[in-house]
Ligand code: K7E
Ligand code: CUA
């Protein structure tokens with residue numbers, strides 16, 4: 001009988017305990033020989049390998065590029081931990097398939113159109129005094145100018161805001177040193193108003209800009225009404241960075257087409273690539289954002305599309321906007337950890353240019369400008385702003401910093417190399433080849449005021465021959481490099497099967513403190529109590545006109561309710577609360593054929609909504625393998641024809657259990673109790689309270705055991721009435737609770753044995 005087999009397995013598992021590991025007889029040398037590994041390979045492996053049960057020192061957040069997601073992985077193991085759904089629906093997390101997450105995506109609609117993808121480039125972790133604080137993460141969408149807020153307490157997207165004046169952006173996701181603002185610089189210029197203007201009016205009507213999104217840390221949300229933009233010339237602004245330390249209050253934004261060139265290859269005009277790289281220099285925009293914010297408060301901004309825009313003439317008049325020529329077609333702009341230097345790479349130049357904030361300020365103070373641009377913005381001469389230029393190689397793009405003083409790393413796209421150099425002495429210290437065509441690069445907390453050094457990841461644009469071929473579309477290649485010594489050492493190639501990552505940021509793992517459960521009844525997307533939440537025993541289905549609303553619960557291994565009956569054409573809302581407290585006890589919820597799915601982590605409440613527009617029978621079930629009886633975590637949505645009446649005698653078929661069946665169940669229950677008692681005996685005989693993980697497992701098991709008295713009362717009441725069907729089934733339910741408790745108890749026992757728990761009695 002199935003129950004006996006299941007019980008047998010439990011007993012067996014208990015008896016075996018940990019078992020003994022069978023170690024291979026092969027030596028390390030044998031394995032090296034068999035797999036053709038060098039000493040260097042084995043050393044690299046030892047530097048990246050994180051043994052089972054151990055964790056990474058750093059957690060990296062890579063932009064998912066066109067996938068519109070965020071990729072989370074550990075460093076140095078390079079193990080992928082999660083894809084966080086941001087701009088794109090993601091079914092596993094229910095993102096875009098339940099009501100609250102749909103509301104987040106809907107808020108990102110442009111001109112009333114829902115946008116279901118994004119081109120995510122730059123993730124940025126929230127900062128306090130220029131240090132990563134691990135609370136929030138921001139990421140931009142280049143294609144549809146938007147910024148998203150991810151809360152690092154639960155790694156969920158909480159907000160998407162649409163830029164009110166840009167039609168395209170790129171310099172987005174970067175934060176000011178106390179996360180007062182999230183910056184978003186435009187890219188391809190367009191009229192700030194939502195209107196048509198011919199390309200012939202490019203210089204007069206097309207504009208760039210930078211938006212400073214106000215962040216309310218307490219609410220964990222961007223406040224659009226307190227955000228503003230600074231109007232900029234149509235120069236194709238690019239990457240942005242915030243000043244820090246002495247340069248705090250200022251921001252720096254590149255541009256790559258100060259030629260204001262308009263292409264038209266189909267009309268016989270040279271293409272954009274020729275026209276936008278014709279001049280030897282472009283402009284770095286230097287903006288005093290602190291003062292700009294004050295000017296906006298004083299009412300000096302103009303409302304465009306209901307949004308505060310500080311116009312260029314005001315910015316010039318108030319002395320908050322300046323230009324500095326920079327080598328042509330630059331890409332990266334990176335402020336050094338001390339906030340004194342700003343490092344710019346010109347893609348078409350072999351140098352990195354190191355600008356001095358002090359020199360820029362001196363020129364501004366002295367009113368020493370070489371010219372004004374066509375919009376009247378003062379231009380500081382390059383030589384007045386430049387500290388030094390260092391020849392690093394072909395196609396320099398982005399720069400990151402080391403914990404070691406003055407040490408920087410710059411990616412060389414054309415050379416497919418990383419250059420390590422000293423920005424104080426201007427010396428190149430080392431170079432390493434990467435595979436291939438590196439874009440961004442990342443050191444640990446490498447753009448904060450206190451970089452951690454240790455590792456560098458090269459974010460390569462092409463992987464070509466590095467991995468097993470998987471068709472013409474190749475994986476991305478993130479290469480892990482050890483930067484702790486004088487020479488850089490390549491450790492590991494990591495294929496990323498989601499693209500295209502642009503920037504990545506990594507934080508010390510100890511700074512992240514994500515929760516394991518929500519307060520019961522929480523809407524995770526608003527962080528507020530969910531109106532559809534109920535507690536155990538309060539489950540209810542109500543009808544108002546054509547609207548049917550279910551407020552139900554989930555706990556191993558049943559969904560309450562197990563039947564939902566509606567009439568064709570009804571609008572159905574199903575709210576479900578996961579009553580589990582146990583870590584990792586997520587339930588999923590799907591209804592056949594209605595394109596809804598929810599991921600309901602412990603404590604969370606989620607609603608799915610649809611119109612039951614076709615009569616029929618629709619199973620619903622839990623989609624996470626949550627327990628031994630997971631497959632039984634199911635129910636039926638019955639969509640009945642209009643005015644349907646039951647025909648003849650209608651009763652659910654009886655099982656016809658006998659008193660003997662009931663007694664057998666009771667015997668099983670008693671035997672299982674003995675197993676539980678023995679596990680409990682072991683756990684309480686050791687110092688289990690010293691292990692928080694075990695304490696929560698014990699809590700979880702107790703939760704299950706606490707449900708037994710109610711089921712027991714039911715089977716006893718039924719037995720008293722000689723209703724053997726009900727008696728047997730409620731006794732079976734008692735056993736189900738026992739099995740779950742025993743399963744958890746055995747897990748706790750194994751844990752304690754593996755962690756050498758000590759006998760206390
Ligand atoms: Cu260089 Cu969007 Cu920062 Cu791509 S970006 S590489
Ligand atoms: Cu809950 Cu499967």
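Readers should treat all values here as calculations from the given coordinates under stated rules, not as data from a laboratory. Quick caveat: nothing in here was measured; it's all calculated off a predicted structure. Reconstructed Cβ throughout: ideal geometry from the backbone, glycine too, with neighbour counts over all protein chains shown.
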Would you mind putting 471-478, 105-112, 594-601 in packing order, based on average other-beta-carbon counts within 10 Å, highest first? 594-601, 471-478, 105-112
Using alpha carbons only, how many angstrom separate the centre of segment 289-324 from the centre of segment 54-75? 36
Relative to the longest principal Cα axis of the chain, at what angle does helix 39-48 sit, 0 to 90 degrees, rounded to 10? 70
With an 8 Å cut-off on Cα pairs and a minimum separation of 6 or more residues, tell me the relative contact order of the chain in percent. 9
Mean separation of Cα pairs under 8 Å and 6+ residues apart, divided by the residue count of segment 659-754: what relative contact order is that in percent? 46
Helical contribution to [θ] at 222 nm, DSSP H n ≥ 4, -39,500 (n - 2.57), averaged over the chain, rounded to 500: -6500 deg cm²/dmol
With the label point 7 Å along the Cα-to-beta-carbon line of residue 722 and a cut-off under 16 Å to each amide N, the hits in segment 628-666 are 656-663
So for each of 245-256, 511-522 I average, over its residues, the number of other beta carbons within 10 Å; can you give me the resulting order with the highest mean first? 245-256, 511-522
Between segment 372-389 and segment 535-577, how far is it from one alpha carbon centroid to the other, in angstrom? 66
With an 8 Å Cα cut-off and a minimum separation of 6 or more residues, compute the relative contact order for segment 163-318 in percent. 21
As I understand it, the value is the acute angle between the Cα axis of helix 659-685 and the longest principal axis of the Cα atoms of the chain; what does it come to in degrees, rounded to 10? 50
Could you tell me how many degrees, from 0 to 90 and to the nearest 10, lie between the Cα long axis of helix 692-705 and the main elongation axis, the longest principal axis, of the Cα atoms of the chain? 40
